[in-house]
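The values are calculated or read from the model by the stated rules, or taken from the named source; none is laboratory data. Only a predicted model underlies this, so the values are computations on that prediction, with no experimental measurement involved. Here the Cβ positions follow ideal geometry from the backbone for every residue, glycine too, while neighbour counts run over all protein chains shown. Note: areas computed on protein heavy atoms with side chains; ligands, DNA, RNA excluded. Shrake-Rupley method; radii C 1.70, N 1.55, O 1.52, S 1.80 Å.
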Amino acid sequence: MKFQKLNIVSLIVLVLILFSSCKKDDSSNITDIVVNGNWKISLFQEDGSIKTSNYSGYSFIFNSNNTISATKNSQSTNGSWSSGNDDSKSKLVINFGSVSPLDELNEDWEILEKSSSIIKLKHISGGDGSIDYLNFEKN
């Protein structure tokens with residue numbers, strides 16, 4: 001009887017270990033999502049102020065070589081993007097250099113939600129703790 005209980009407990013522990021070690025890395029999944037299609041910004045909120053209209057008319061393309069282009073009225077601006085984990089949080093890092101208004105997107109964004117049609121991101125400022133939100137939706 002003790003042997004059976006020990007086997008059952010051992011089996012349960014083994015199953016739990018297997019399931020916890022099979023957790024998929026979300027950062028690689030974001031790559032599969034962003035490189036497919038054109039994206040637009042459906043929300044940009046900075047310090048509690050909605051500034052989505054600053055990005056009206058922009059179309060964003062995330063390329064597999066970690067470059068990103070933002071196009072508006074046939075004019076393109078190039079930047080870079082990457083993904084990874086920081087503090088156990090999946091991140092999407094965007095950098096357009098000093099080109100306004102795209103420079104406001106230059107952050108390491110925490111991925112809150114992702115699907116083939118929407119990506120919801122959040123950034124907490126290290127300076128004052130303010131929270132910014134950025135949503136990309138598929139065009």
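So the values come out like this:
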read-out	value
Gap separating the Cα centres of segment 103-137 and segment 41-80, nearest whole Å	13
Cross-link pairs beyond the 22 Å C-alpha cut-off, checked among Lys91/Lys114; Lys51/Lys89; Lys72/Lys114; Lys89/Lys114	Lys51/Lys89; Lys72/Lys114
Rg to Rh quotient for segment 51-139, alpha carbon positions, Kirkwood Rh	0.94
Segment 47-94: C-alpha gyration tensor shape, a/c 1.5 cut-off, then a/b vs b/c	oblate
Heavy-atom accessible area order for Tyr55, Tyr133, largest first, 1.4 Å probe	Tyr133, Tyr55
Candidate aspartates and glutamates for bridging to Lys40, where Cα separation is under 19 Å - those fewer than 8 sequence places away on the same chain excluded	Asp32, Asp103, Glu104, Glu107, Asp108, Glu110, Glu113, Asp132, Glu137
Local electrostatic count at Asp47 - Lys and Arg +1, Asp and Glu -1, tallied over other residues with Cβ under 10 Å	-2
